[in-house]
Amino acid sequence: RHLTGSVTRAHGLRFAVVVARFNEIVTKPLLEGALGTFNNYSVQDEDIDVVWVPGSFEIGVVAERLGKSGKYDAIVCIGAVVRGDTTHYDAVANSAASGVLSASLNSGVPCIFGVLTCDDMDQALNRAGGKSGNKGAEAALTAIEMASLFEHHL
Ligand SMILES: O=c1[nH]c(NC[C@H](O)[C@H](O)[C@H](O)CO)c([N+](=O)[O-])c(=O)[nH]1
């Protein structure tokens, strides 16, 4: 048997979005992309909670807490780590990734990695609704598929 999720079965599923304020010029359009995608797939506004955190490093602990609350079917994690002139780019990028993965595994709720890790702001903006698409929208689609997979099959 093939057990799969389906993006056409989002009705009634509940989502949280954890979004970092750092590089808000990027994370805000990422968030808008995610929320627009949820609406396009008939996820009701009242079934989406948005939680703001200071930076991508803080996403993991919040995602895990939301996952353990039992209130959400999937959690979208949004951030933008830009190398630019920051010295601890690798520390933040790697910590964000392991934080989101740990939140998934520890809570058992799919936490979707929608954190951009880019060399410069142009790259980041291109992936936040520019010519390279919107990683926030992609993360929301992934969240719907994973939530429906868990809801119907796991
Ligand atoms: O989300 C980001 N946080 C960043 N730093 C803040 C970090 O996420 C934490 O908020 C901070 O270290 C306090 O814990 C970034 N840089 O440092 O460049 C970055 O590019 N993106």
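What follows is calculated from the coordinates using simple rules that are stated; it is not laboratory data. Predicted model, so just to flag it, every value in this text is computed and none were measured. Cβ coordinates were reconstructed from backbone atoms using ideal geometry, including for glycine residues, and neighbour counts include every protein chain displayed.
Amide H to amide H, with H built 1.01 Å from N, V53 comes under 5 Å of V19, A20, R21, counting only residues 5 or more places away or on other chains. A simple charge model with +1 on the Cβ of Lys and Arg, -1 on the Cβ of Asp and Glu and nothing else charged puts the dipole of the chain at about 300 debye relative to its Cα centre. Charged side chains reduced to their Cβ positions (Lys and Arg at +1, Asp and Glu at -1) give the stretch 38-109 a dipole of some 220 debye around its Cα centre. A convex hull fitted to the Cα coordinates of the chain yields 105 cubic angstrom per residue.
Evaluating 6.51 cos²θ - 1.76 cosθ + 1.60 at θ = phi - 60° for every residue in the stretch 128-136, the Karplus couplings come out as 10, x, x, 6, 9, x, 9, 5, x Hz, glycine and proline recorded as x. Here K135 is the anchor, and the lysines within straight C-alpha reach of less than 22 Å, apart from those fewer than 8 places off in the same chain, are K28. Each residue of the stretch 85-99 was assigned a 3J(HN,Hα) from its phi angle through the Karplus curve 6.51 cos²θ - 1.76 cosθ + 1.60 (θ = phi - 60°); the sequence is 10, 7, 7, 9, 3, 4, 4, 5, 5, 5, 5, 4, 5, 5, x Hz, with glycine and proline shown as x. Taking square-rooted eigenvalues a ≥ b ≥ c of the alpha carbon gyration tensor, is the stretch 77-124 rounded, prolate or oblate, where a/c under 1.5 means rounded and, failing that, a/b exceeding b/c means prolate? Cα axes put the stretch 77-124 in the oblate bin. Taken over the Cα atoms of the stretch 1-88, the convex hull encloses 130 Å³ per residue. Simple point charges give the picture: +1 on the Cβ of Lys and Arg, -1 on the Cβ of Asp and Glu, and for the stretch 1-81 a dipole about the Cα centre of about 280 debye. Beta bridges from DSSP with both residues in the chain: antiparallel share about 10 percent, rounded to the nearest 5.
Averaged over residues, the count of other Cβ atoms within 10 Å places the peptides 46-57, 30-41 in the sequence 30-41, 46-57, highest first. Remark: spin-label model distance T8-L105 equals 3.5 nm, labels positioned 7 Å along the Cα→Cβ axis.
Applying both filters, DSSP loop and at most 14 other Cβ atoms within 10 Å, to the trypsin sites (Lys or Arg not before Pro) of the stretch 1-110 gives R1, R21, K71. Computed from backbone phi, the HN-Hα couplings of the stretch 103-117 come to 4, 4, 5, 6, 9, x, 10, x, 10, 8, 7, x, 9, 6, 10 Hz, rounded to whole numbers (Karplus: 6.51 cos²θ - 1.76 cosθ + 1.60, θ = phi - 60°; Gly and Pro given as x). Taking amide H as placed 1.01 Å from N in the peptide plane, V76 has its amide H under 5 Å from the amide H of A16, V17, V18, I112, each at least 5 places away in sequence or on another chain. Rounded, prolate or oblate, given the Cα gyration tensor of the stretch 60-145, with a/c below 1.5 counting as rounded? Judged from the Cα gyration tensor, the stretch 60-145 comes out oblate (a/c at least 1.5, b/c at or above a/b).
The smallest convex shape that holds all Cα atoms of the stretch 16-58, its convex hull, gives 56 Å³ per residue.
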